[in-house]
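Notes follow once the structure below has been shown.
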Amino acid sequence: MNHGETIWSGQKVLVTGGSSFIGSHLVDQLVERGARVRVVDDLSSGRLENIRRHLANGHAEFLEADLREPGVARNAMQGIDTVFHLAADPDDPAALAEAVRALSRDPQRVAEMGRRAREIAPGYDRVKQLEIFMHVIEEAALK
């Protein structure tokens, strides 16, 4: 299915965790809508096979890396318009819950994340979306 000209046409999009089941489906949809996609994944739970066709036809690029390593996120963000951050450690849900709790106790940290994102990607103006996203995750993690 070709969606013609969409808001994603020509957009440079980073999908962290993009070789995972969910991430790769997002990559499929973004590519179908004309985005140029960069995937960063350490392949700890994802599979390169999930996005191989997009790599083969040049609609996506892949960087095998761990986002926790210094400089990886900054390098991955170069030239990016939009980020979908799906990377996570699926074997440690407690770590995610604790990270969410820490951020919810410190709204300044959430604002700082938005400020840093704008420095790295000047077109990033979704601080409010980040705050809402964190609130939704927090509620889910605390249930």
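Quick note: the coordinates plus some simple rules give every number you see, no bench work behind them. Bear in mind that the values here come from a model prediction, so they are computed numbers and not experimental data. Cβ placement follows ideal geometry from the backbone for every residue including glycine, while neighbour counts extend to all protein chains displayed.
Computed about its Cα centre, the charge dipole of region 10-88 is approximately 200 debye, with only Lys, Arg, Asp and Glu carrying charge at their Cβ. Just check region 10-88 against the gyration tensor rule for me: Cα atoms, a ≥ b ≥ c as the square roots of the eigenvalues, rounded for a/c under 1.5, and otherwise prolate or oblate depending on whether a/b exceeds b/c. Cα axes put region 10-88 in the oblate bin.
Here's the picture: a label point sits 7 Å out from the Cα of R53 along the beta-carbon direction, and within region 12-29 the residues with their amide nitrogen under 15 Å of it are 24-29.
Since only I22, L86, L55 are under comparison, the one whose Cα sits farthest along the positive direction of the charge dipole of region 1-89, derived from C-beta charges on Lys, Arg, Asp and Glu, is L55. The stretch between R74 and E32 holds 12.5 nm of extra length on full extension. This uses 0.36 nm per residue minus the Cα-Cα distance.
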